[in-house]
Amino acid sequence: MSCPHVLALYRQPSYSPNQHRANDTAILDATVARLAALGWEVTRASEGEVLASTLPEADLVLNMCQGPDASERLMALENAGVPIINRPSSVLSCHRHRLVTILADRPIAFPRTAVISTAGRAALDGF
């Protein structure tokens, strides 16, 4: 009988500045250490490695990736039914340009918000 395999994905440092980087790494390292002590096989990868290489098969993915490119790539695993803690669809839904639309379409109190493209001039008529 083979041991279960966990894939631990670390966040790109630019998404965790200063002390957050150490905290994020410590949280994932402690979780992985506990799973390893319980007999899980562990593979660690950075967010950059998610984009640059083929990911190994895993029984569980612990995802700290925050970037849209890595999250989009991880959607294939989510869609295939691989259990992922911190699902990429949830990560993508938290990106501001998506979150504003999601919240504005719900019957909850939410301040009037304009998403403005940084690629050119935007009109703020009626805002």
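The values are calculated or read from the model by the stated rules, or taken from the named source; none is laboratory data. Being a predicted model, the structure only gives us computed values, none of them experimental. With ideal geometry, Cβ positions are generated from the backbone for all residues, glycine too; neighbour counts draw on all protein chains shown. SASA here: full protein model, heavy atoms, side chains in, ligands and nucleic acids out. Shrake-Rupley method; radii C 1.70, N 1.55, O 1.52, S 1.80 Å.
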- Task: Looking at (1) outside any helix (DSSP H, G or I); (2) under 16 Å from the mean Cα position of the chain (by Cα), find the lone condition where GLY39 falls short.
- Result: (2)
- Residue check, ARG34 surrounded by fewer than 15 Cβ atoms within 10 Å (Cβ to Cβ) and basic (Lys, Arg): yes
- Query: Quick check: is even one residue across the stretch 53-62 assigned to a helix (DSSP H, G or I) and either more than 19 Å from VAL6 (Cβ to Cβ) or at pLDDT 95 or above (or both)?
  - Reply: no
- Item | Residue match in the stretch 99-107 (condition: part of a loop (DSSP other than H, G, I, E, B), hydrophobic (A, V, I, L, M, F, W, C), at pLDDT below 80 and loosely packed, with under 15 Cβ neighbours inside 10 Å) | no
- Filter result for ALA114 (over 17 Å from the mean Cα position of the chain (by Cα), open to solvent by less than 50 Å² (accessible area, probe 1.4 Å) and modelled with pLDDT under 90): yes
- Query: Going by the conditions given, is SER14 modelled with pLDDT under 95, of a type in the set (Gly, Ala, Ser) and surrounded by fewer than 13 Cβ atoms within 10 Å (Cβ to Cβ)?
  - Reply: yes
